[in-house]
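K.L.:
Mind having a look at this structure? Questions to follow.
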Amino acid sequence: MLELDCGLDFAGAPDAPALSQLPPRPAVCLIEPRDSSAQPFLIRTQDLRRRLERLLGPLDPTSKRLNLRDFASGIRYRLTGSKLEQTLTYYQHAKSRFPQRYKKLMRLRPPAVLKINLRNAYPRCFVTRRVSIDAAGQPISGSYYGPFASRKSADYFAAQVLDFFKVRRCQIKIRRDPTFPGCLYSEMKMCLAPCFAGCSKEEYDVEVSKLVTFLETGGDSLRANFEQDRERASEELDFEKAAAFHKKLEKLDDALRARPEIARRIQDLDAVILQRGAEEQSIAVFAIRGGWLAEPFFLRFAELASQPRSVEHLIRERLESEMVRECPGDLGENLWIAARWFYGKPRDGEIFFREKDWPYRRILRACSRILAVKPEADEAGTSGATPQSPTKGAS
(Lines give C-alpha, C1' and ligand atoms only; values in the text may rest on other atoms or scores of the structure.)
Protein backbone atom coordinates (compact mmCIF):
# COMPACT_ATOMS: atom_id res chain seq x y z
CA MET A 1 0.00 0.00 0.00
CA LEU A 2 1.16 3.53 -0.77
CA GLU A 3 1.54 4.86 2.77
CA LEU A 4 0.51 8.27 4.04
CA ASP A 5 4.06 9.02 5.08
CA CYS A 6 3.78 12.61 6.36
CA GLY A 7 1.70 14.03 9.16
CA LEU A 8 0.88 16.55 11.86
CA ASP A 9 -0.60 15.98 15.31
CA PHE A 10 -2.63 18.69 17.00
CA ALA A 11 -2.47 19.11 20.78
CA GLY A 12 -5.52 21.34 20.63
CA ALA A 13 -7.21 23.17 17.79
CA PRO A 14 -5.18 23.30 14.56
CA ASP A 15 -3.18 26.53 14.49
CA ALA A 16 -2.73 28.67 11.40
CA PRO A 17 1.11 28.73 11.46
CA ALA A 18 1.26 24.92 11.31
CA LEU A 19 -1.23 24.76 8.45
CA SER A 20 0.61 27.49 6.55
CA GLN A 21 3.74 25.31 6.50
CA LEU A 22 1.97 22.55 4.57
CA PRO A 23 3.06 22.26 0.92
CA PRO A 24 0.62 23.67 -1.65
CA ARG A 25 0.80 20.48 -3.72
CA PRO A 26 -1.48 17.58 -4.74
CA ALA A 27 -1.96 15.02 -2.00
CA VAL A 28 -4.15 12.40 -0.39
CA CYS A 29 -4.91 13.28 3.22
CA LEU A 30 -6.53 11.47 6.14
CA ILE A 31 -7.99 13.68 8.88
CA GLU A 32 -7.98 11.70 12.12
CA PRO A 33 -10.83 12.23 14.60
CA ARG A 34 -10.51 13.08 18.28
CA ASP A 35 -13.31 10.69 19.16
CA SER A 36 -12.05 7.11 18.84
CA SER A 37 -15.52 5.92 17.82
CA ALA A 38 -15.72 8.33 14.87
CA GLN A 39 -14.54 7.50 11.37
CA PRO A 40 -11.63 9.43 9.81
CA PHE A 41 -12.16 11.80 6.90
CA LEU A 42 -10.30 10.92 3.68
CA ILE A 43 -9.76 13.55 0.99
CA ARG A 44 -7.73 14.10 -2.16
CA THR A 45 -6.81 17.58 -3.27
CA GLN A 46 -4.70 19.51 -5.76
CA ASP A 47 -3.58 21.99 -3.10
CA LEU A 48 -3.11 20.46 0.35
CA ARG A 49 -2.42 23.73 2.18
CA ARG A 50 -5.42 25.62 0.82
CA ARG A 51 -7.80 22.68 1.34
CA LEU A 52 -6.79 22.14 4.97
CA GLU A 53 -6.83 25.83 5.76
CA ARG A 54 -10.47 25.80 4.68
CA LEU A 55 -11.36 22.60 6.51
CA LEU A 56 -9.37 23.19 9.71
CA GLY A 57 -9.27 26.99 9.88
CA PRO A 58 -11.36 29.16 12.23
CA LEU A 59 -15.10 28.56 11.93
CA ASP A 60 -17.07 31.24 10.10
CA PRO A 61 -20.57 31.39 11.66
CA THR A 62 -22.02 32.93 8.48
CA SER A 63 -20.72 30.17 6.19
CA LYS A 64 -22.23 26.75 5.46
CA ARG A 65 -18.85 25.37 4.38
CA LEU A 66 -17.76 22.14 6.09
CA ASN A 67 -15.41 22.79 9.00
CA LEU A 68 -13.57 20.01 10.85
CA ARG A 69 -11.57 22.15 13.28
CA ASP A 70 -13.20 20.60 16.36
CA PHE A 71 -13.14 17.13 14.79
CA ALA A 72 -9.46 16.75 13.88
CA SER A 73 -6.77 15.41 16.18
CA GLY A 74 -4.17 15.14 13.42
CA ILE A 75 -3.56 14.56 9.75
CA ARG A 76 -1.67 11.97 7.72
CA TYR A 77 -0.97 12.68 4.09
CA ARG A 78 1.02 11.66 1.03
CA LEU A 79 2.17 14.06 -1.65
CA THR A 80 1.42 12.75 -5.13
CA GLY A 81 3.15 13.63 -8.36
CA SER A 82 0.38 12.61 -10.75
CA LYS A 83 -3.34 11.96 -10.99
CA LEU A 84 -2.72 8.22 -11.35
CA GLU A 85 -0.68 8.04 -8.14
CA GLN A 86 -3.34 10.08 -6.35
CA THR A 87 -6.15 7.84 -7.61
CA LEU A 88 -4.31 4.66 -6.61
CA THR A 89 -3.41 6.01 -3.15
CA TYR A 90 -6.96 7.19 -2.50
CA TYR A 91 -8.38 3.87 -3.72
CA GLN A 92 -6.13 1.77 -1.49
CA HIS A 93 -6.90 3.74 1.68
CA ALA A 94 -10.61 4.09 0.91
CA LYS A 95 -10.92 0.33 0.37
CA SER A 96 -8.93 -0.41 3.53
CA ARG A 97 -10.79 1.99 5.84
CA PHE A 98 -14.26 2.06 4.27
CA PRO A 99 -14.80 -1.40 2.73
CA GLN A 100 -18.58 -0.97 2.63
CA ARG A 101 -18.70 2.35 0.80
CA TYR A 102 -15.40 2.91 -0.99
CA LYS A 103 -17.01 2.32 -4.39
CA LYS A 104 -19.51 5.10 -3.75
CA LEU A 105 -16.78 7.40 -2.48
CA MET A 106 -14.79 6.91 -5.69
CA ARG A 107 -17.76 6.56 -8.02
CA LEU A 108 -16.08 3.35 -9.03
CA ARG A 109 -17.61 1.49 -11.95
CA PRO A 110 -15.59 -1.20 -13.76
CA PRO A 111 -14.93 -0.39 -17.43
CA ALA A 112 -16.76 -2.01 -20.32
CA VAL A 113 -15.11 -5.05 -21.90
CA LEU A 114 -16.12 -7.52 -24.58
CA LYS A 115 -16.73 -11.09 -23.47
CA ILE A 116 -17.12 -14.29 -25.45
CA ASN A 117 -18.78 -16.70 -23.04
CA LEU A 118 -17.09 -19.97 -23.99
CA ARG A 119 -19.07 -21.91 -21.39
CA ASN A 120 -22.18 -21.48 -23.49
CA ALA A 121 -22.80 -24.18 -26.08
CA TYR A 122 -23.22 -21.46 -28.71
CA PRO A 123 -21.10 -18.50 -27.53
CA ARG A 124 -21.76 -14.92 -28.51
CA CYS A 125 -19.83 -11.68 -28.10
CA PHE A 126 -21.35 -9.09 -25.78
CA VAL A 127 -20.42 -6.13 -23.56
CA THR A 128 -20.05 -6.59 -19.81
CA ARG A 129 -18.47 -4.82 -16.85
CA ARG A 130 -17.77 -7.96 -14.84
CA VAL A 131 -14.62 -10.05 -15.28
CA SER A 132 -14.71 -13.40 -13.47
CA ILE A 133 -11.35 -14.64 -12.19
CA ASP A 134 -9.99 -17.82 -10.61
CA ALA A 135 -7.92 -18.20 -7.45
CA ALA A 136 -4.78 -17.19 -9.35
CA GLY A 137 -6.37 -13.94 -10.58
CA GLN A 138 -6.75 -15.13 -14.18
CA PRO A 139 -9.96 -14.44 -16.16
CA ILE A 140 -12.20 -17.49 -16.52
CA SER A 141 -15.44 -18.62 -18.18
CA GLY A 142 -14.62 -16.88 -21.44
CA SER A 143 -12.37 -14.58 -23.42
CA TYR A 144 -12.29 -10.91 -22.36
CA TYR A 145 -11.19 -7.97 -24.50
CA GLY A 146 -10.82 -4.37 -23.38
CA PRO A 147 -11.07 -2.06 -21.52
CA PHE A 148 -13.11 0.49 -23.46
CA ALA A 149 -13.96 4.07 -22.58
CA SER A 150 -17.69 3.35 -22.41
CA ARG A 151 -20.31 0.72 -23.18
CA LYS A 152 -21.25 2.69 -26.28
CA SER A 153 -17.71 2.52 -27.72
CA ALA A 154 -17.46 -1.19 -26.88
CA ASP A 155 -20.80 -1.89 -28.59
CA TYR A 156 -19.71 0.06 -31.66
CA PHE A 157 -16.42 -1.82 -31.96
CA ALA A 158 -18.18 -5.17 -31.48
CA ALA A 159 -20.73 -4.34 -34.19
CA GLN A 160 -17.91 -3.47 -36.62
CA VAL A 161 -15.99 -6.67 -35.85
CA LEU A 162 -18.95 -9.06 -35.93
CA ASP A 163 -19.65 -8.10 -39.54
CA PHE A 164 -16.66 -10.30 -40.43
CA PHE A 165 -17.91 -13.35 -38.53
CA LYS A 166 -21.12 -15.35 -38.65
CA VAL A 167 -21.49 -15.54 -34.88
CA ARG A 168 -24.92 -15.01 -33.39
CA ARG A 169 -25.86 -11.68 -31.83
CA CYS A 170 -29.20 -12.70 -30.30
CA GLN A 171 -29.72 -13.33 -26.58
CA ILE A 172 -32.18 -16.21 -26.89
CA LYS A 173 -31.58 -19.76 -25.72
CA ILE A 174 -30.52 -21.90 -28.66
CA ARG A 175 -32.76 -24.96 -29.06
CA ARG A 176 -31.86 -25.91 -32.66
CA ASP A 177 -35.51 -25.93 -33.67
CA PRO A 178 -35.96 -26.22 -37.49
CA THR A 179 -39.35 -24.49 -37.18
CA PHE A 180 -37.83 -21.40 -35.59
CA PRO A 181 -38.15 -18.43 -38.00
CA GLY A 182 -34.66 -17.06 -37.36
CA CYS A 183 -33.74 -13.38 -37.41
CA LEU A 184 -32.62 -10.64 -39.76
CA TYR A 185 -28.95 -11.62 -39.52
CA SER A 186 -29.68 -15.19 -40.58
CA GLU A 187 -31.72 -13.88 -43.54
CA MET A 188 -28.77 -11.69 -44.55
CA LYS A 189 -26.38 -14.67 -44.25
CA MET A 190 -24.51 -12.85 -41.47
CA CYS A 191 -25.12 -15.63 -38.94
CA LEU A 192 -24.76 -19.40 -39.12
CA ALA A 193 -28.23 -19.60 -37.53
CA PRO A 194 -27.79 -22.33 -34.92
CA CYS A 195 -31.28 -21.35 -33.65
CA PHE A 196 -32.96 -23.34 -36.45
CA ALA A 197 -30.09 -25.82 -36.97
CA GLY A 198 -28.63 -23.90 -39.87
CA CYS A 199 -25.20 -25.27 -39.02
CA SER A 200 -23.61 -28.04 -37.02
CA LYS A 201 -22.10 -27.51 -33.58
CA GLU A 202 -18.61 -28.08 -35.02
CA GLU A 203 -19.10 -25.46 -37.75
CA TYR A 204 -20.22 -22.89 -35.17
CA ASP A 205 -17.25 -23.67 -32.91
CA VAL A 206 -14.86 -23.07 -35.81
CA GLU A 207 -16.42 -19.64 -36.43
CA VAL A 208 -16.17 -18.72 -32.74
CA SER A 209 -12.52 -19.80 -32.62
CA LYS A 210 -11.82 -17.47 -35.56
CA LEU A 211 -13.40 -14.59 -33.66
CA VAL A 212 -11.40 -15.36 -30.50
CA THR A 213 -8.17 -15.53 -32.52
CA PHE A 214 -9.05 -12.22 -34.18
CA LEU A 215 -9.40 -10.47 -30.83
CA GLU A 216 -6.27 -12.12 -29.41
CA THR A 217 -4.15 -10.99 -32.36
CA GLY A 218 -5.66 -7.52 -32.67
CA GLY A 219 -7.07 -8.35 -36.11
CA ASP A 220 -3.79 -9.64 -37.57
CA SER A 221 -5.15 -13.16 -38.13
CA LEU A 222 -7.98 -11.97 -40.39
CA ARG A 223 -5.77 -9.44 -42.12
CA ALA A 224 -3.26 -12.17 -43.01
CA ASN A 225 -6.03 -14.35 -44.48
CA PHE A 226 -7.42 -11.49 -46.58
CA GLU A 227 -3.97 -10.54 -47.86
CA GLN A 228 -3.20 -14.14 -48.82
CA ASP A 229 -6.54 -14.47 -50.63
CA ARG A 230 -5.95 -11.19 -52.46
CA GLU A 231 -2.48 -12.26 -53.58
CA ARG A 232 -3.75 -15.63 -54.71
CA ALA A 233 -6.57 -14.04 -56.73
CA SER A 234 -4.08 -11.65 -58.35
CA GLU A 235 -1.78 -14.52 -59.33
CA GLU A 236 -4.77 -16.29 -60.90
CA LEU A 237 -5.61 -13.05 -62.79
CA ASP A 238 -9.00 -12.91 -61.08
CA PHE A 239 -8.84 -9.17 -60.51
CA GLU A 240 -12.49 -8.77 -59.55
CA LYS A 241 -12.02 -11.22 -56.71
CA ALA A 242 -8.77 -9.50 -55.71
CA ALA A 243 -10.59 -6.14 -55.64
CA ALA A 244 -13.28 -7.65 -53.40
CA PHE A 245 -10.65 -8.80 -50.90
CA HIS A 246 -9.01 -5.39 -51.07
CA LYS A 247 -12.33 -3.80 -50.10
CA LYS A 248 -12.58 -6.23 -47.20
CA LEU A 249 -9.15 -5.12 -46.05
CA GLU A 250 -10.22 -1.49 -46.17
CA LYS A 251 -13.34 -2.33 -44.17
CA LEU A 252 -11.19 -4.19 -41.65
CA ASP A 253 -8.92 -1.16 -41.29
CA ASP A 254 -11.96 1.03 -40.65
CA ALA A 255 -13.15 -1.37 -37.94
CA LEU A 256 -9.76 -1.50 -36.24
CA ARG A 257 -9.56 2.29 -36.10
CA ALA A 258 -12.32 2.12 -33.48
CA ARG A 259 -10.06 -0.03 -31.27
CA PRO A 260 -8.29 1.93 -28.51
CA GLU A 261 -4.62 1.12 -28.08
CA ILE A 262 -5.19 -0.22 -24.58
CA ALA A 263 -7.96 -2.60 -25.67
CA ARG A 264 -6.65 -6.15 -26.01
CA ARG A 265 -7.15 -9.58 -24.49
CA ILE A 266 -7.08 -8.94 -20.74
CA GLN A 267 -4.48 -11.66 -20.11
CA ASP A 268 -2.19 -9.93 -22.63
CA LEU A 269 -2.61 -6.44 -21.19
CA ASP A 270 1.01 -5.83 -20.17
CA ALA A 271 2.06 -2.20 -20.08
CA VAL A 272 4.18 0.39 -18.29
CA ILE A 273 2.83 3.81 -17.32
CA LEU A 274 5.37 6.55 -16.61
CA GLN A 275 4.38 9.44 -14.36
CA ARG A 276 6.25 12.29 -12.75
CA GLY A 277 6.98 11.52 -9.09
CA ALA A 278 6.29 13.81 -6.16
CA GLU A 279 10.02 14.07 -5.39
CA GLU A 280 12.35 16.24 -7.42
CA GLN A 281 13.77 14.56 -10.54
CA SER A 282 11.85 11.34 -10.00
CA ILE A 283 9.65 9.10 -12.16
CA ALA A 284 6.93 6.75 -10.89
CA VAL A 285 6.73 3.54 -12.93
CA PHE A 286 3.40 1.69 -12.84
CA ALA A 287 3.48 -1.82 -14.32
CA ILE A 288 0.33 -3.53 -15.60
CA ARG A 289 0.52 -7.30 -15.99
CA GLY A 290 -2.43 -9.28 -17.22
CA GLY A 291 -4.70 -6.32 -16.41
CA TRP A 292 -3.48 -6.12 -12.80
CA LEU A 293 -1.96 -2.79 -11.77
CA ALA A 294 1.13 -3.12 -9.59
CA GLU A 295 2.26 -0.58 -7.02
CA PRO A 296 4.74 1.86 -8.56
CA PHE A 297 8.46 1.83 -8.13
CA PHE A 298 10.33 5.11 -8.27
CA LEU A 299 13.34 6.14 -10.31
CA ARG A 300 15.15 8.90 -8.40
CA PHE A 301 17.54 10.20 -11.02
CA ALA A 302 19.43 12.46 -8.60
CA GLU A 303 20.44 9.33 -6.64
CA LEU A 304 20.83 7.03 -9.65
CA ALA A 305 23.49 9.30 -11.16
CA SER A 306 25.98 8.09 -8.54
CA GLN A 307 25.15 4.40 -8.82
CA PRO A 308 27.24 1.99 -10.93
CA ARG A 309 24.20 0.28 -12.47
CA SER A 310 22.43 1.93 -15.38
CA VAL A 311 18.82 3.07 -15.22
CA GLU A 312 17.94 0.61 -17.98
CA HIS A 313 19.33 -2.23 -15.88
CA LEU A 314 17.22 -1.17 -12.91
CA ILE A 315 14.05 -0.94 -14.99
CA ARG A 316 14.76 -4.30 -16.62
CA GLU A 317 15.34 -5.89 -13.20
CA ARG A 318 12.03 -4.63 -11.83
CA LEU A 319 9.88 -5.36 -14.87
CA GLU A 320 11.23 -8.86 -15.39
CA SER A 321 10.96 -9.75 -11.72
CA GLU A 322 8.21 -12.19 -10.78
CA MET A 323 7.67 -10.39 -7.48
CA VAL A 324 4.80 -8.05 -8.32
CA ARG A 325 2.82 -6.34 -5.57
CA GLU A 326 -0.59 -5.82 -7.08
CA CYS A 327 -2.92 -3.25 -5.65
CA PRO A 328 -5.77 -4.79 -3.64
CA GLY A 329 -9.19 -5.31 -5.16
CA ASP A 330 -10.65 -7.29 -7.98
CA LEU A 331 -9.53 -7.26 -11.60
CA GLY A 332 -12.35 -4.97 -12.68
CA GLU A 333 -11.26 -2.33 -10.16
CA ASN A 334 -7.65 -2.54 -11.36
CA LEU A 335 -8.84 -2.10 -14.94
CA TRP A 336 -10.94 0.88 -13.86
CA ILE A 337 -7.91 2.68 -12.42
CA ALA A 338 -5.87 2.07 -15.58
CA ALA A 339 -8.75 2.96 -17.92
CA ARG A 340 -9.62 6.09 -15.93
CA TRP A 341 -6.08 7.36 -16.49
CA PHE A 342 -5.81 6.22 -20.13
CA TYR A 343 -9.10 7.79 -21.26
CA GLY A 344 -8.68 10.89 -19.10
CA LYS A 345 -8.34 14.25 -20.83
CA PRO A 346 -5.80 15.69 -20.57
CA ARG A 347 -3.68 12.61 -19.96
CA ASP A 348 -0.36 13.14 -18.24
CA GLY A 349 2.60 10.79 -18.56
CA GLU A 350 3.19 8.10 -21.17
CA ILE A 351 2.30 4.43 -21.65
CA PHE A 352 4.18 1.63 -23.39
CA PHE A 353 2.80 -1.81 -24.16
CA ARG A 354 4.75 -5.02 -24.06
CA GLU A 355 4.62 -6.91 -27.32
CA LYS A 356 7.46 -9.46 -27.52
CA ASP A 357 9.60 -7.56 -25.02
CA TRP A 358 9.57 -4.32 -23.06
CA PRO A 359 10.67 -1.26 -25.10
CA TYR A 360 13.41 -0.23 -22.68
CA ARG A 361 15.04 2.40 -24.92
CA ARG A 362 11.72 4.12 -25.57
CA ILE A 363 10.94 4.04 -21.84
CA LEU A 364 14.22 5.79 -21.05
CA ARG A 365 13.62 8.47 -23.66
CA ALA A 366 10.13 9.02 -22.28
CA CYS A 367 11.58 9.54 -18.79
CA SER A 368 13.71 12.35 -20.19
CA ARG A 369 10.70 13.94 -21.88
CA ILE A 370 8.60 13.81 -18.70
CA LEU A 371 11.35 15.33 -16.55
CA ALA A 372 11.93 18.07 -19.11
CA VAL A 373 8.38 19.36 -18.62
CA LYS A 374 8.13 21.66 -15.61
CA PRO A 375 5.43 20.86 -13.05
CA GLU A 376 2.45 23.20 -12.94
CA ALA A 377 3.50 24.46 -9.53
CA ASP A 378 6.87 25.54 -10.91
CA GLU A 379 5.32 27.15 -13.99
CA ALA A 380 2.90 29.18 -11.87
CA GLY A 381 5.78 30.57 -9.84
CA THR A 382 5.67 31.75 -6.26
CA SER A 383 7.39 34.60 -4.50
CA GLY A 384 9.99 33.53 -1.98
CA ALA A 385 10.99 29.97 -1.14
CA THR A 386 8.47 27.18 -1.39
CA PRO A 387 7.50 25.95 2.09
CA GLN A 388 8.95 22.58 2.91
CA SER A 389 6.73 19.70 4.02
CA PRO A 390 6.83 18.85 7.72
CA THR A 391 9.04 16.07 8.92
CA LYS A 392 7.41 12.68 8.47
CA GLY A 393 5.42 11.83 11.53
CA ALA A 394 6.24 15.20 13.16
CA SER A 395 3.89 16.68 15.70
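The values are calculated or read from the model by the stated rules, or taken from the named source; none is laboratory data. The structure presented is a predicted model; accordingly, all values stated were derived computationally and were not measured. Note that we place each Cβ from the backbone using ideal geometry, even for glycine, and neighbour counts take in every protein chain shown. Calculation scope for accessible area: heavy atoms of the full protein, side chains included, ligands and nucleic acids excluded. Shrake-Rupley method; radii C 1.70, N 1.55, O 1.52, S 1.80 Å.
K.L.:
If I ask for residues that are of a type in the set (Gly, Ala, Ser) and open to solvent by 10 Å² or more (accessible area, probe 1.4 Å), which ones from segment 71-81 would you list?
P.N.:
Hits for segment 71-81 are SER73, GLY81.
K.L.:
Right, something else. Within segment 1-59, track down each residue that is under 30 Å from LEU293 (Cβ atoms) and aromatic (Phe, Trp, Tyr).
P.N.:
PHE41
K.L.:
Quick one: how many residues across segment 133-155 are in contact with a Pro (Cβ under 9 Å, 6 or more places away or on another chain) and more than 23 Å from ARG259 (Cα to Cα)?
P.N.:
Qualifying residue count, segment 133-155: 1.
K.L.:
Related question: Just the residues that are open to solvent by 20 Å² or more (accessible area, probe 1.4 Å) and small (Gly, Ala, Ser), please, taken from segment 275-324.
P.N.:
ALA278, ALA302, ALA305, SER306, SER310, SER321
K.L.:
Taking LEU237 as meeting all but one of (1) assigned to a helix (DSSP H, G or I); (2) of a type outside the set (Gly, Ala, Ser); (3) without any contact (Cβ under 8 Å) to a residue 12 or more places away in the chain, write down the number of the exception.
P.N.:
Unmet for LEU237, out of (1) assigned to a helix (DSSP H, G or I); (2) of a type outside the set (Gly, Ala, Ser); (3) without any contact (Cβ under 8 Å) to a residue 12 or more places away in the chain: (1).
K.L.:
Regarding PHE196, is this residue open to solvent by 30 Å² or more (accessible area, probe 1.4 Å) and more than 24 Å from GLU250 (Cβ to Cβ)?
P.N.:
Answer is yes for this residue.
K.L.:
Same structure again: Suppose the filter is among the small types (Gly, Ala, Ser) and surrounded by 15 or more Cβ atoms within 10 Å (Cβ to Cβ); does ALA224 pass it?
P.N.:
In short, no.
K.L.:
Next question. Could you count how many residues in segment 84-128 are assigned to a loop (DSSP other than H, G, I, E, B) and among the hydroxyl-bearing types (Ser, Thr, Tyr)?
P.N.:
Residues of segment 84-128 that are assigned to a loop (DSSP other than H, G, I, E, B), as a first pass: 98-101, 107-111, 117-124.
Cutting the leftovers down to among the hydroxyl-bearing types (Ser, Thr, Tyr) gives us 122.
Of the residues in that region, 1 qualify.
K.L.:
Take VAL127 and decide whether it is without any contact (Cβ under 8 Å) to a residue 60 or more places away in the chain and surrounded by 21 or more Cβ atoms within 10 Å (Cβ to Cβ). Step through it out loud before you land on a result.
P.N.:
On the way: without any contact (Cβ under 8 Å) to a residue 60 or more places away in the chain: yes; surrounded by 21 or more Cβ atoms within 10 Å (Cβ to Cβ): no.
No, not satisfied.
K.L.:
Something else now. With respect to ASP155, determine if the residue is open to solvent by 60 Å² or more (accessible area, probe 1.4 Å) and modelled with pLDDT of 95 or more.
P.N.:
Against the criterion (open to solvent by 60 Å² or more (accessible area, probe 1.4 Å) and modelled with pLDDT of 95 or more), ASP155 qualifies.
K.L.:
Here is a further query. Need a quick list: strands (runs of 3 or more DSSP E) entirely within segment 241-320 having at least 3 residues that are more than 30 Å from TYR144 (Cβ to Cβ).
P.N.:
297-300
K.L.:
Cβ contacts < 6 Å: first residue surrounded by 14 or more Cβ atoms within 10 Å (Cβ to Cβ), restricted to segment 87-112; second residue basic (Lys, Arg) and assigned to a loop (DSSP other than H, G, I, E, B), any location; separation 6+ or different chain. Result?
P.N.:
Final answer for the pair search is PRO110/ARG129; ALA112/ARG129.
K.L.:
Another one. Being of a type in the set (A, V, I, L, M, F, W, C), in contact with a strand residue (DSSP E or B) (Cβ under 9 Å, 6 or more places away or on another chain) and open to solvent by 60 Å² or more (accessible area, probe 1.4 Å): is that true of PHE10 here? Reasoning before the result, please.
P.N.:
Numbers: of a type in the set (A, V, I, L, M, F, W, C): yes; in contact with a strand residue (DSSP E or B) (Cβ under 9 Å, 6 or more places away or on another chain): yes; open to solvent by 60 Å² or more (accessible area, probe 1.4 Å): no.
Considered against the rule, which asks whether it is of a type in the set (A, V, I, L, M, F, W, C), in contact with a strand residue (DSSP E or B) (Cβ under 9 Å, 6 or more places away or on another chain) and open to solvent by 60 Å² or more (accessible area, probe 1.4 Å), PHE10 comes out as no.
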